[in-house]
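The values are calculated or read from the model by the stated rules, or taken from the named source; none is laboratory data. Owing to the predicted nature of the structure, the values given are computational and were not obtained by experimental measurement. Because the Cβ atoms are built from the backbone with ideal geometry, glycine has one as well, and the counts that use them run over all protein chains shown. These area figures cover heavy atoms from the full protein model, side chains too; ligands, DNA and RNA do not enter into them. Shrake-Rupley method; radii C 1.70, N 1.55, O 1.52, S 1.80 Å.
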Amino acid sequence: MQQQNRARIAIIGAGTIGGALARALAPEWPVTATRRDLKKARSLEELGVTLTGDNSEAAAWADLLLLAVKPRQVVPVLQEIAPFTDGKPVVSFAAAISLDIMNRAAPGTRFIRAMTNTAVEIRRGYTVYACSSQVTEADRKLAEEVMRHAGEVQPVEESHLDVLTAMAGSGPAYLYTVVESLIYGALRMGLPRDLALRSAAHTLIGASELLLASGKHPAELRDSVVTPGGVTIEGLYELEEGRVRTAFMKAVCAASVQARKLAEEARIQAEEAIRPSFAKKENPVGSNSGLNVPFRT
Ligand SMILES: NC(=O)c1ccc[n+]([C@@H]2O[C@H](COP(=O)([O-])OP(=O)(O)OC[C@H]3O[C@@H](n4cnc5c(N)ncnc54)[C@H](OP(=O)(O)O)[C@@H]3O)[C@@H](O)[C@H]2O)c1
């Protein structure tokens with residue numbers, strides 16, 4: 001399909017995730033991206049992305065918005081663009097900020113709350129999302145088509161999104177720790193660096209793809225490569241002694257607890273940011289918009 005016949009996508013906040021999404025989507029869709037410091041996003045222009053520092057201009061132009069600012073910036077940015085997002089679908093990738101908060105910050109906008117990871121840049125992301133009740137089937141299909149272009153997509157209950165933040169969002173950091181450890185083990189045994197990195201990374205890819213393709217439980221696949229008295233069991237025995245499984249389980253639990261704690265803090269602070277703006281509407285003389293309440297992420 002010709003780019004000009006496709007939905008226009010505005011990415012608000014072209015940082016790590018927003019920039020990665022822009023790079024994945026620009027060849028297929030007309031994309032406008034925003035951030036305050038446009039110098040840092042110049043490389044996107046080479047891919048055909050239009051840059052602007054004006055969120056409202058981008059919102060007015062777009063059919064679909066992808067919001068990728070930090071959680072503390074979500075409410076102020078939504079309040080800024082609300083006049084231009086009325087009746088439009090907006091997908092927020094921000095951790096912690098619930099559909100309820102967004103609905104109240106910009107009533108009339110149709111929100112999808114998503115979580116993804118940096119692999120969207122190479123179209124191998126894993127994106128989960130939940131829709132607010134105002135989202136139409138056409139919105140959902142468009143948003144899913146766009147997100148699917150950047151990798152795997154799955155609808156989920158919103159209540160699962162904080163744990164999925166700790167899995168899909170933070171997961172690459174845990175897996176890079178695994179890969180780095182494998183590389184250092186191999187370096188210790190004298191393997192050249194490049195070979196160590198490639199063997200660790202490709203082993204991770206192959207193991208993941210076999211896991212998904214086979215439909216088997218990882219324990220079954222692990223057992224299938226253990227030979228009595230062989231090589232693998234020696235490595236596994238060391239991992240068990242190092243309590244690696246406990247460490248990873250604790251990592252996911254701790255990150256999930258932190259995601260929930262931040263979500264609760266975000267809720268309280270968003271309440272404060274939203275409330276004065278309602279008061280302001282009722283009383284136009286009121287001056288404090290309450291938009292500078294800091295969110296901690
Ligand atoms: N990084 C991850 O792996 C990951 C994974 C999943 C989800 N997320 C979520 O994605 C969101 C972005 O995270 P990130 O890591 O990509 O952060 P980031 O690199 O800091 O990107 C945020 C971007 O928003 C821009 N921004 C800030 N205020 C703005 C405004 N008023 N208008 C327009 N743009 C504005 C910033 O650029 P300027 O300062 O130049 O404006 C920055 O480029 C977060 O909510 C996070 O929870 C991140």
| remark: Of the residues in region 60-77 that are of a type in the set (A, V, I, L, M, F, W, C) and out of contact with any strand residue (DSSP E or B) (no Cβ under 7 Å at 6 or more places or on another chain), the one that is most open to solvent (accessible area, probe 1.4 Å) is A60
| Mind checking whether some residue in region 40-57 is under 20 Å from E152 (Cβ atoms) and in contact with a Lys or Arg (Cβ under 8 Å, 6 or more places away or on another chain)? | no
| task | Among the residues of region 141-177, write down those that are in contact with a strand residue (DSSP E or B) (Cβ under 7 Å, 6 or more places away or on another chain) and within 19 Å of A26 (Cα to Cα). | result | L142, A143, E144, V146, M147, A150, G151, E152, V153
| message | Between a residue in region 118-139 that is under 10 Å from A20 (Cα atoms) and any residue that is open to solvent by 50 Å² or more (accessible area, probe 1.4 Å), which pairs come within a Cβ distance under 7 Å, given they are 6 or more apart or on different chains? | response | T118/T16; E121/R23
| Whichever residue in region 24-59 is out of contact with any strand residue (DSSP E or B) (no Cβ under 9 Å at 6 or more places or on another chain) and more than 20 Å from L142 (Cβ to Cβ) and, among such residues, is most open to solvent (accessible area, probe 1.4 Å) | R36
| note | Contact list, first residue from region 185-203 and over 17 Å from L175 (Cβ atoms), second anywhere and part of a helix (DSSP H, G or I) and open to solvent by 60 Å² or more (accessible area, probe 1.4 Å), beta-carbon distance below 8 Å, six or more apart or interchain, is L187/R193
| Does I97 fit the bill of being at pLDDT below 95, buried (at least 19 other Cβ atoms within 10 Å of the Cβ) and within 15 Å of L161 (Cα to Cα)? | yes
| request: Only helices (runs of 4 or more DSSP H) wholly contained in region 117-206 count here; list those with 1 or more residues that are open to solvent by 50 Å² or more (accessible area, probe 1.4 Å) and among the aromatic types (F, W, Y). | output: 171-188
| Failed item in (1) away from the ligand (no atom under 16 Å from the Cβ); (2) closer than 19 Å to L25 by Cβ, with T136 passing the rest | (2)
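Would it be correct to say that K250 is among the charged types (D, E, K, R) and either assigned to a helix (DSSP H, G or I) or open to solvent by less than 50 Å² (accessible area, probe 1.4 Å) (or both)?
yes
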| said: Name the single residue that is farthest from the chain's Cα centre (by Cα) among those in region 154-184 being over 19 Å from A96 (Cα atoms) and away from the ligand (no atom under 14 Å from the Cβ). | reply: Y184
